[in-house]
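Engineer: Here it is, the structure in full.
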Amino acid sequence: MISIDRVSKQFETSRARRHLALSDISLSVARGEFVSILGPSGCGKSTLLYIVGGFVEQSSGAVIVDDNPVTGPGPDRGPVFQEFALFPWKTVLGNVMYGLDQRGMPKDEALARSRELLTMVKLSGYENFYPKELSGGMKQRVAIARTLAYRPNILLMDEPFGALDAHTRTKLQNDLLGIWEKDRKTVLFVTHSVEEAVFLSDRVVMMTSSPGRIKDIIKINLPRPRERAALLLNRRYQDYVVEIEKMMDEQPETRVS
Amino acid sequence: MMADIVSVERAEAPWWSSAGTIPGLPPIMACIGLLALWEVVARWYGLNGLPPASAALPQIPEILTDKESLIDIADSLRRMVTGFALALIFAVPAGLAMGRSKHVAAFFNPLLMVIYPVPKAALMPIIMLWLGVGDASKTLVIFLGVTLPLIYHSYQGSRAVEEKLLWSAAAMGLSAPARLIRIVLPAALPEILVGCRTGLVLALITMVTSEMIARQTGIGNIIFVSLDLGVYDRVYAMIVIIGALGFILDVIFESMRGRLVAWAEPSQAIVVGTT
C-alpha cells in the first residue's frame with residue numbers, strides 16, 4: 001500500500017526562479033492495484049514516481065509505503081524506465097541476475113529464477129546476448145524481467161513503452177497485463193497515452209501541469225482478464241477513452257520551458 | 001538508415017580505396033613511402049646530420065643485440081610502466097569521483113586547468129632538485145603526463161553515466177560506494193580506455209624527454225649521447241625504434257581494449273584506425 005500525503009516538489013531553475021513541479025499531491029494506492037498517472041509532458045508525473053521510488057526527494061509532504069516513510073530507494077519498489085537502463089556490460093542473463101546476486105541468492109537458485117523470468121518475458125534463447133544486440137522491445141522485456149526478479153512488492157513504471165513503436169507497444173502492454181494478472185503486484189504506471197492507461201488500469205489519475213496537480217481520478221470498471229481486441233469494440237472502454245481525452249483537451253497547453 | 005548510407009558511400013568510393021580491403025596493406029605502403037622519401041632526401045642533400053635510411057636502419061639490429069642498449073631500453077620501459085600504473089591508480093578513482101560529485105569536481109577542476117598547459121618536461125629541472133636525477137623524478141614526470149588525459153576522460157565518462165542506471169542499482173540495494181565501483185566504473189570504462197590510449201602515447205613522449213634532460217640511462221640517453229658523439233645513423237635508428245615501440249604498444253592496447261569493451265554501443269566506441 002502506497003500513501004502519498006500532500007507531496008510538493010520545487011525545482012530551482014536558476015538563482016531567483018523556482019518551478020513548482022508538484023503541488024500538494026495526495027493519493028493512496030491499495031495493495032495489488034494497477035494505477036496509471038496520466039498527464040501532458042511536464043506535469044510532474046514522472047517526478048511523482050521518482051519520489052515514490054526514493055530517487056528524488058520531495059520538498060514537502062510524505063510518502064509512506066507499507067507503514068514506512070520513504071527515505072531512499074529500496075528493493076520493495078522496483079523501477080522500470082523508458083530508457084530501459086540496462087547494464088550494457090552485462091549479458092541479458094547477467095542483467096536479470098544482478099539484483100538476485102545483490103540480495104545474496106545462491107548462484108544456482110538465481111540462475112534458475114532468471115531463466116524462468118526470461119521465459120516469462122519470452123526471451124529464452126537470448127541469455128548470452130548483450131543489450132546492444134537487442135531491439136528496444138527486447139531491451140524493455142529484459143528490464144521488466146530484471147526488476148521482477150528481485151520480487152518488489154511495487155512496480156514503478158515510468159513510461160516504459162514510450163520509446164517503442166506502436167506494434168511492439170501493444171504487444172508489451174498485453175504481455176505486461178498477462179504477467180500482472182497472475183500475481184497482482186501493486187503498479188504505479190506513468191504514461192501520456194489515454195488508451196494505454198484505460199486498457200491497463202484499475203484507476204487513472206489525471207494530472208494538470210504548471211503546477212502539477214491531480215485533476216481527477218477515474219475508476220475503470222472493465223472486467224479482467226482484459227483482452228485488447230475485445231476491449232476495442234467494448235462501448236464502455238470507448239466511453240472512458242473519449243471522456244478522458246475530452247478532459248485532457250480542457251487543459252491549457254503546457255508551456256515548454 | 002545507417003546501413004543505406006554506408007552502402008551508398010561504398011558504391012561511390014574511388015578505386016584506390018579498394019586497397020583498404022587488404023588488411024595491413026595501407027600502413028605497409030605508408031612505411032615504404034616514408035622510407036623511400038627519407039632515402040631520396042638524404043641522398044639529395046647529403047647532409048652529415050641526415051644519414052640515408054639505408055645507413056640508419058642497419059643500426060637497429062645492432063642496438064637491439066647490444067646488451068647495454070637493451071638495459072637502457074628496459075630501464076625506460078620500467079619507468080614508463082611504473083609511471084603509467086601510478087597514474088591509473090590515482091587518476092581513475094579521482095576522475096570517477098569528480099564525475100559524480102560537484103564538490104570533488106570543483107576542487108580538482110581549477111588544479112587541472114592550471115597544470116594542463118604546462119609542458120610536463122619543463123617541470124623536470126625543478127623535480128630533479130627535489131628528487132635527484134634518478135628513477136623517482138623521471139617516473140614522476142611520466143606520472144604527471146599520463147594523469148591529465150586519464151583523469152579528464154575518467155571524469156567525462158563518469159559524468160555521462162545515465163542516472164537511471166544508478167537508480168536501478170540503488171533500487172537493488174547497492175550503496176553509493178558500491179555503485180561507484182560496480183556501476184560507474186564499468187559504465188565509464190569505454191571512455192577511460194580512450195584516456196588510457198592517449199596516456200600511453202604521452203607516457204612514451206614524457207619518458208624520452210625526461211631522459212633527455214636527466215641523462216643517465218634509457219632510450220633518451222642513447223639518442224642524446226649518440227647525438228653528442230655525432231653518430232647520426234644511431235640517432236635515427238633509435239628514433240625508428242621509438243616509433244615502432246609506440247606502434248606495437250598501441251596495437252597491443254587496441255586489441256585488449258576491443259575485447260574489454262566489446263559490449264559497448266557503437267556510439268560509445270571510438271573509431272580510430274590503427275592497423
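The values are calculated or read from the model by the stated rules, or taken from the named source; none is laboratory data. All of these numbers come straight from a predicted model, not from anything done at the bench. Ideal geometry is used to build each Cβ from the backbone, glycine not excepted, and the neighbour counts take in all protein chains shown. When the accessible area is computed, the model is the full protein with side chains, heavy atoms only, and any ligands, DNA or RNA have been set aside. Shrake-Rupley method; radii C 1.70, N 1.55, O 1.52, S 1.80 Å.
Engineer: Once Lys and Arg get +1 and Asp and Glu get -1 on their Cβ, which of B:L77, B:F224, B:L57 lies farthest toward the positive end of the dipole of the protein assembly as shown?
Structural biologist: Value: B:L77.
Engineer: Which whole number gives the average, over all residues in A:126-138, of C-beta atoms from other chains lying within 10 Å of the residue C-beta?
Structural biologist: On the way: counts 0, 0, 0, 0, 4, 2, 8, 1, 0, 0, 0, 0, 0.
Averaged over the peptide's residues, the number is 1.
Engineer: With a ≥ b ≥ c the root eigenvalues of the C-alpha gyration tensor of chain B, is it rounded (a/c under 1.5), prolate (a/b larger than b/c) or oblate? The partial results should precede the final answer.
Structural biologist: Details: a/c = 2.69, a/b = 1.31, b/c = 2.06.
Oblate shape, in that a/c is at least 1.5 and b/c is the bigger or equal ratio.
Engineer: I'd like the distance between the alpha-carbon centres of the stretch B:163-223 and the stretch A:1-63, rounded to an integer number of Å.
Structural biologist: If we compute the Cα centre of each part, the gap is 40 Å.
Engineer: State the Cα centre-to-centre distance between the stretch A:184-238 and the stretch A:129-154 in whole Å.
Structural biologist: So the separation of the two Cα centres works out to 23 Å.
Engineer: Can you compute the charge dipole magnitude of chain A about its Cα centre, using +1 on each Lys and Arg Cβ and -1 on each Asp and Glu Cβ, nothing else charged? Give it in debye, rounded to the nearest 20. Could you put the intermediate results ahead of the total?
Structural biologist: Working: 35 positive and 32 negative charges, 38 e Å.
Taking the Cα centre of chain A as origin, the dipole is about 180 debye.
Engineer: State to the nearest 20 debye the size of the charge dipole of chain B about its Cα centre, where the only charges are +1 on K and R beta carbons and -1 on D and E beta carbons.
Structural biologist: On the way: 18 positive and 19 negative charges, 177 e Å.
Result for chain B is approximately 860 debye, rounded to the nearest 20.
Engineer: Keeping every protein chain in place, order A:K215, A:K45 by accessible area at 1.4 Å, biggest value first, i.e. largest first. Walk me through the intermediate numbers first.
Structural biologist: Working: A:K215 75, A:K45 10 Å².
I get A:K215, A:K45, largest accessible area first.
Engineer: Ordered by residue, what ³J(HN,Hα) values in Hz, to whole numbers, does the stretch A:100-106 give under the Karplus form 6.51 cos²θ - 1.76 cosθ + 1.60, where θ = phi - 60° and Gly and Pro are x?
Structural biologist: Ordered by residue, 3J(HN,Hα) equals 6, 4, 4, 7, x, 6, x Hz.
Engineer: Can you list the HN-Hα couplings for the stretch A:25-41, worked out from phi with the Karplus curve (6.51, -1.76, 1.60; θ = phi - 60°), rounded to whole Hz and with x for Gly and Pro?
Structural biologist: Per-residue couplings from phi come out as 8, 10, 7, 10, 10, 7, 4, x, 8, 10, 10, 9, 10, 10, x, x, 5 Hz.
Engineer: Further question on the same structure: Considering only protein heavy atoms, what is the solvent-accessible area of B:R78 at a probe of 1.4 Å, reported in Å² to the nearest 10?
Structural biologist: B:R78 has an accessible surface of roughly 110 Å² with all protein chains in place.
Engineer: Provide the packing ranking of A:176-188, A:152-164, i.e. peptides ordered by the mean count of other C-beta atoms within 10 Å per residue, highest first.
Structural biologist: Details: A:176-188: 16.9, A:152-164: 21.5.
The densest-packed peptide leads the list: A:152-164, A:176-188.
Engineer: Now, a different point. Got the relative contact order for the stretch A:86-151 handy, in percent, Cα pairs under 8 Å and 6 or more residues apart? Let's see the in-between values first.
Structural biologist: Values: 75 pairs, mean separation 33.9, N = 66.
About 51 percent, as a whole number.
Engineer: Largest first, how would A:H19, A:H167 line up by accessible area (1.4 Å probe)?
Structural biologist: Details: A:H19 75, A:H167 125 Å².
Output order, biggest surface exposure first: A:H167, A:H19.
Engineer: For the charge dipole of the stretch A:86-151, defined by +1 on Lys and Arg C-beta atoms and -1 on Asp and Glu C-beta atoms about the Cα centroid, which residue among A:N128, A:S114, A:P88 has the Cα displaced farthest towards the positive pole?
Structural biologist: A:P88
Engineer: Let me ask something else about it. How much of the accessible area of the stretch A:86-151, probe 1.4 Å, is carbon plus sulfur, in whole percent? Don't skip to the answer; put the middle values down first.
Structural biologist: Details: 1350 of 2800 Å².
With neighbouring chains kept in place, the figure for the stretch A:86-151 is 48 percent.
Engineer: Sorted by accessible area with a 1.4 angstrom probe, largest first, how do B:M80, B:M256 fall? Write out the running numbers ahead of the final one.
Structural biologist: On the way: B:M80 10, B:M256 85 Å².
Sorted descending by solvent-accessible area, the residues read B:M256, B:M80.
Engineer: Considering Cα pairs under 8 angstrom that are at least six residues apart, work out the relative contact order of the stretch A:128-257 and quote it in whole percent. Don't jump to the answer; show the numbers that get you there.
Structural biologist: Details: 98 pairs, mean separation 24.5, N = 130.
Dividing the mean separation by the residue count of the stretch A:128-257 yields 19 percent.
Engineer: Report, by chain and number, residues whose modeled amide H sits under 5 Å from the one on A:F34, excluding near sequence neighbours (fewer than 5 apart, same chain).
Structural biologist: A:V187, A:D202, A:R203
Engineer: Share of chain B's accessible area from carbon and sulfur, percent, 1.4 Å?
Structural biologist: On the way: 10790 of 14980 Å².
With neighbouring chains kept in place, the figure for chain B is 72 percent.
Engineer: Hey, what did chain A get for relative contact order, percent, Cα under 8 Å, at least 6 apart? Could you put the intermediate results ahead of the total?
Structural biologist: Values: 466 pairs, mean separation 67.3, N = 257.
Normalised by residue count, the contact order of chain A is 26 percent.
Engineer: When chain A is modelled as a GNM with alpha-carbon springs shorter than 10 Å, which of A:R228, A:R113, A:R17 fluctuates the most?
Structural biologist: Greatest mean-square fluctuation among the candidates belongs to A:R17.
Engineer: Right, another one. Which whole-angstrom value gives the distance between the alpha carbon centres of the stretch B:82-132 and the stretch B:35-69?
Structural biologist: Their Cα centres are 38 Å away from one another.
Engineer: Please label the shape of the protein assembly as shown as rounded, prolate or oblate, based on the square roots a ≥ b ≥ c of the eigenvalues of the alpha-carbon gyration tensor (a/c under 1.5 means rounded; beyond that, a/b larger than b/c means prolate, else oblate). Numbers along the way, then the final one.
Structural biologist: Details: a/c = 2.85, a/b = 2.25, b/c = 1.27.
In terms of gyration-tensor shape, prolate.
Engineer: Give, rounded to the nearest 20 debye, the magnitude of the charge dipole that the protein assembly as shown has about its Cα centre when Lys and Arg contribute +1 at Cβ and Asp and Glu contribute -1 at Cβ.
Structural biologist: On the way: 53 positive and 51 negative charges, 224 e Å.
With only Lys, Arg, Asp and Glu charged at Cβ, the dipole is about 1080 debye.
Engineer: Please compare each pair in A:K215/A:K246; A:K45/A:K185; A:K90/A:K132 to a cut-off of 18 Å on the Cα-Cα distance and tell me which ones are over it. Don't skip to the end; give the middle numbers.
Structural biologist: Details: A:K215/A:K246 13 Å; A:K45/A:K185 20 Å; A:K90/A:K132 10 Å.
Table pairs above 18 Å Cα-Cα are A:K45/A:K185.
Engineer: Also, quick follow-up: Within chain A, what percent of beta bridges assigned by DSSP are antiparallel, to the nearest 5?
Structural biologist: On the way: 21 of 41 bridges.
So the antiparallel bridges in chain A amount to around 50 percent.
Engineer: Could you give the accessible area per residue of the stretch A:86-151, probe 1.4 Å, as a whole number in Å²? List each step's numbers first, then the result.
Structural biologist: Values: 2800 Å² over 66 residues.
Averaged over the residues of the stretch A:86-151, the accessible area is 42 Å².
Engineer: Kindly write out, for the stretch A:166-181 in residue order, the coupling ³J(HN,Hα) from the Karplus curve 6.51 cos²θ - 1.76 cosθ + 1.60 (θ = phi - 60°), rounded to whole Hz, with x marking Gly and Pro.
Structural biologist: The phi angles translate into 4, 5, 4, 4, 5, 4, 5, 4, 4, 5, 4, 5, x, 5, 5, 5 Hz.
Engineer: Now for a different question. Could you check which residue among B:G33, B:G258, B:G220 shows the biggest mean-square fluctuation in a GNM of chain B with a 10 Å Cα cutoff?
Structural biologist: B:G33
Engineer: Counting partner chain Cβ atoms within 10 Å of every residue's Cβ in B:171-179, what's the average? Please report the intermediate quantities before stating the final value.
Structural biologist: Values: counts 17, 16, 8, 4, 0, 0, 0, 1, 0.
Other-chain Cβ atoms within 10 Å of each residue's Cβ, averaged: 5.
Engineer: What is the mean number of Cβ atoms from other protein chains located within 10 Å of the Cβ atom of each residue in peptide A:78-88, rounded to a whole number? Don't skip to the end; give the middle numbers.
Structural biologist: Values: counts 3, 6, 2, 6, 1, 5, 4, 8, 3, 8, 11.
Neighbouring Cβ atoms belonging to other protein chains average 5 per residue here.
Engineer: Can you give the accessible area per residue of the stretch B:53-260, in Å², using a 1.4 Å probe?
Structural biologist: Working: 9530 Å² over 208 residues.
Spelled out: the 1.4 Å probe surface of the stretch B:53-260, per residue, equals 46 Å².
Engineer: For the interface of B with A, what's the total buried accessible surface in square angstrom, probe 1.4 angstrom, rounded to the nearest hundred? The partial results should precede the final answer.
Structural biologist: Values: alone 16050 and 12860 Å², together 26870 Å².
So the buried area, both faces added, is about 2000 Å².
Engineer: Taking amide H atoms as placed 1.01 Å from N in the peptide plane, list the residues 5 or more away in sequence, or in a different chain, whose amide H sits under 5 Å from that of A:K215.
Structural biologist: A:M206, A:M207, A:T208
Engineer: How much accessible area does B:L34 have with a 1.4 Å probe, in Å² rounded to the nearest 10?
Structural biologist: Only protein atoms counted, so the area is about 120 Å².
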